[in-house]
Every structure is written in C-alpha cells, then in structure tokens.
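I have placed the structure first, in the form of structure tokens, so that the comments after it can refer back to it.
The values are calculated or read from the model by the stated rules, or taken from the named source; none is laboratory data. Just so we're clear, the structure is a prediction, and the values are computed from it rather than from any experiment. Methodologically, a virtual Cβ is constructed for each residue, glycine included, from the backbone with ideal geometry; neighbour enumeration extends over all protein chains shown. Accessible surface areas use protein heavy atoms only, side chains included; no ligands, DNA or RNA. Shrake-Rupley method; radii C 1.70, N 1.55, O 1.52, S 1.80 Å.
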Amino acid sequence: MYLSLLTRIFVVCPMTAQHWQLQIAEKSLKKQEKIRAIKAFIEPTAGKTCLEVGCDKGVLSYHLRQWGGTWTSVDADEENLRITREFVRERVEYTDGNTLNFRDQQFDCIIAIDFLEHIQTDQEFIGEMRRVLKDDGTLYITVPHTGKGLILNAVRGWLGFTPEDYGHVREGYSLDD
C-alpha cells in the first residue's frame, strides 16, 4: 500500500514530465474523443493566427498549439486562466464575456468550445467573435445540447444539479436555439 500511495503521489506531482491536465485527459474517454473530433473537423491552422474562446484548464489549448498556428486563449474564469497560463505559458487572456480585447479582423480562425452557455450575453458575444474574425476566417462553435429525451440532462436533474453548479447560465441549447 505504501508503494502504491507513493506512485499515485508521483504521478500527479507537477514536477513530472507531463502536466496533470494531460494525465487526467488521457484517462477520460470523453475528453479524448472530443480532442480527436476537433482535430478531425477543424481546418489546418499552421501559419494562422487563431483564438480559442473558453480555455478551461488548458488541455485543448495545449493540443491546439501542438497542431500549429499562433494561438491565443481566453476565458471568463480567473481560475481557468491561472491554470492554463501555468500550463501553456503564453497568450492566455481574460474576457468578460462581453468583449474581446483584440483589433477588428485579427484572427484567421476562432474556436469556441462549450463557452457560450457560461455567459449571459451569448448572442452579443457571437457578434464580438465575428468582429475579430477576418472576413475569410472560420468560426467554430460548440455548445451543449438540451431538450427532451436527453438522458444525461435528466440524470443531472434527478441528482439535484442545476446549470449553476457547473458554471452555466443556461443548461444548453436546443436545435431551435
């Protein structure tokens, strides 16, 4: 047992060669599938100026940077920013969920993964992303789906979770939304 405990401590120690975010992501089938799907779906980013909106704990930030291009990551959560900065080191900035502190038409590509459900001003923020996107740029947005018949949403409700428990101002978006 003592050796097992030491092994666990060593594995999650920040002094190891691999960051804890990657260690956790490698064990998450959902996270691995999401990363593979994003990589397969987005255009090549080498040589492009790109923006990641909603960096969470930096796992996708890390992968995006590995795939090429010059990436800047933003988030509205200070803790996410701190953790991502420690991980990827540079070009990690705050957004208030209303504005992006970048010049018009600065980015070739913007990717916003599961961010809009965290802010009140989602429609306005889409316009803000459009403002900083070049005319021939590409905007990728994912949001959680909500609606009748979705088991995970029902289970969350049965367990007493509300959208606020996981930082959402809305549960997600229906197909009509």
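Brief remarks on what is shown
- Residue 70/residue 39 FRET efficiency (R0 22 Å; Cβ-Cβ; nearest 0.05): 0.80
- Solvent-accessible area per residue in the range 65-122 equals 47 Å², computed with a 1.4 angstrom probe and all protein chains kept.
- Hydrodynamic radius of the range 66-142 per Kirkwood, over alpha carbon pairs, in Å: 13.0 Å
- Counted residue by residue at 0.36 nm each, then reduced by the alpha carbon distance between them, the extension gain from residue 98 to residue 174 reaches 25.1 nm.
- With K and R counted +1 and D and E -1, the other residues having a Cβ less than 12 Å from that of residue 78 yield a net charge of -3.
- The portion of the accessible surface of the range 56-133 made up by carbon and sulfur, rounded to a whole percent, is 42 (1.4 Å probe; DNA, RNA and ligands excluded).
- Summed residue charge, Cβ within 14 Å of residue 89's Cβ, Lys/Arg positive, Asp/Glu negative: +1
- For residue 91, the solvent-accessible surface computed with a 1.4 Å probe is close to 90 Å², ligands and nucleic acids excluded.
- J(HN,Hα) series, the range 42-59, from Karplus relation 6.51 cos²θ - 1.76 cosθ + 1.60, nearest Hz, glycine and proline x: 6, 5, x, 10, 4, x, 9, 9, 10, 10, 9, 9, x, 8, 6, 9, x, 5
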